[in-house]
Amino acid sequence: MNLSVDHVTVRSHQRTILTDVNVLLNERRIGIIGDNGSGKSTFARLLNGLCMPDEGRVLIDGLDTHTSGADVRSRVGFLFQSPDAQIVMPTVAEDLALGLKPLKLDSHNRQQRVTDTLDQFGIAHLADRSVHMLSGGEKQLVALAGVMITAPEVLVCDEPTTLLDRRNAANVMRILDGLSCQVILVTHDMAQIASYDRALLFADGRVAADGPPGSVIAAYEGTLP
């Protein structure tokens, strides 16, 4: 998978959020860090077309997010900080099945995919549970399963453990670490990306550091008061 952010600038309400960001993202595990308001979440949303550049372009295997949004989103999944932003159906199994609708599977294959995904994420016992009765950790697993059921080649995660306690956060990270797809993780927890292949530090809408996580984390922590 070739992800290219090509000299991208993003503005909102006369404020510049990202300025001339130019990176190629090919590593299997990439961490994104920075202060609140640094532009890191906007950058993450660029990668599957949730946010569009005002200047420059974002290419996913040559597909421009401006003109090929549906194709891009079939390749790049996105996991939000709050699972309530993603879970929309009454029960867990129904919510997972909804994600398969664009694939136009027959009923047997659709049910099999749901069953396999429930098993993969350890939530088969929740299949018929009302989503309103789930704990925060269970909801985030359901949201993650709902993204991964379509087998994206890339998963972008925007602070997926921020609302979770330590036990559930550790469980989500364990599952993310075991995924075969490329993972791009926005986080405030430096330990989560310490073993990643690469890290990017955002500051004031620009890439302030880019390289091995240890050096990028050190650069970030060196700026803290």
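Which order do the peptides 77-85, 163-171, 132-140 take when ranked by the mean count of other beta-carbon atoms within 10 Å per residue, highest first?
Working: 77-85: 18.9, 163-171: 14.3, 132-140: 16.4.
Averaged packing, sorted descending, gives the order 77-85, 132-140, 163-171.
Here the label points at E221 and H188, each 7 Å from Cα along the C-beta direction, are separated by 1.7 nm in the simple model.
Model label sites at L179 and L24, defined 7 Å from Cα along the beta-carbon direction, differ in position by 2.4 nm.
Multiplying each eigenvalue of the alpha-carbon gyration tensor of region 66-148 by 5 and taking the square root yields semi-axes of 21, 17, 10 Å, largest first, rounded to whole angstroms. Treating r as the C-beta distance of L105 and H13 and R0 as 41 Å, the FRET efficiency rounds to 0.45.
Extension gain for N2-D197 works out to 68.6 nm (0.36 nm per residue, less the C-alpha to C-alpha distance). With θ taken as phi - 60° and the Karplus curve 6.51 cos²θ - 1.76 cosθ + 1.60 applied, the whole-hertz 3J(HN,Hα) list for region 151-158 is 6, x, 7, 9, 10, 9, 10, 9 Hz, x standing for glycine and proline.
Placing pseudo-labels 7 Å out from each Cα toward the beta carbon at S82 and D61 gives an inter-label distance of 3.3 nm. Averaging the Cα positions of each part gives two centres, and for region 65-97 and region 148-220 these lie 19 Å apart.
Computed per residue of the chain from DSSP H runs no shorter than four, each worth -39500 (n - 2.57), the mean residue ellipticity at 222 nm is -9500 deg cm²/dmol.
GNM remark for the chain: springs join alpha carbons under 10 Å apart, and the peak mean-square fluctuation among R75, R206, R11 falls on R11.
The H on the amide N of H66, modeled in the peptide plane, is under 5 Å from the matching H of V58, each at least 5 residues off or on a different chain.
With the highest mean first, a sort of the peptides 32-41, 211-220 on other beta-carbon atoms found within 10 angstrom per residue produces 32-41, 211-220. Across region 44-57, coupling constants 3J(HN,Hα) worked out from phi with the 6.51/-1.76/1.60 Karplus curve, θ = phi - 60°, read 4, 5, 5, 6, 10, x, 6, 10, 10, x, 7, 9, x, 8 Hz, and Gly and Pro carry x. In sequence order, region 138-145 has phi-based couplings of 5, 4, 5, 5, 5, 4, 5, 4 Hz under the Karplus curve 6.51 cos²θ - 1.76 cosθ + 1.60, θ = phi - 60°, and Gly or Pro positions carry x.
Just subtract the alpha-carbon distance of D128 and D210 from 0.36 nm times their residue separation and send over the number in nm, one decimal.
Values: separation 82, 0.36 × 82 = 29.52 nm, distance 4.42 nm.
Taking 0.36 nm per residue and subtracting the Cα distance, the gain is 25.1 nm.
Amide hydrogen proximity for F202: with H placed 1.01 Å from N in the peptide plane, the residues at 5 or more positions away or on another chain lying under 5 Å are I33, G34, A208. When restricted to Cα atoms, region 77-199 yields an Rg and a Dmax of 14.1, 43 Å, respectively. Helix 166-178: angle to the longest alpha-carbon principal axis of the chain, degrees 0 to 90, nearest 10? Rounded to the nearest ten degrees, it is 90.
Around D64, under 15 Å between beta carbons, what's the net of Lys plus Arg minus Asp minus Glu among the other residues? Numbers along the way, then the final one.
Working: positive: R57, R73, R75; negative: D6, D54, E55, D61, D71.
Once all neighbours under 15 Å are counted, the net charge is -2.
Expressed as a fraction of 2.2 N^0.38 Å, the value expected for a compact globular protein of N residues, the C-alpha radius of gyration of the chain is 1.02.
Every read-out reported here was derived from the displayed coordinates using simple, explicitly stated rules and does not represent laboratory data. Model, not experiment: these values are computed from the prediction. Glycine gets a Cβ as well: all are built from the backbone with ideal geometry, and neighbour counts include every protein chain shown.
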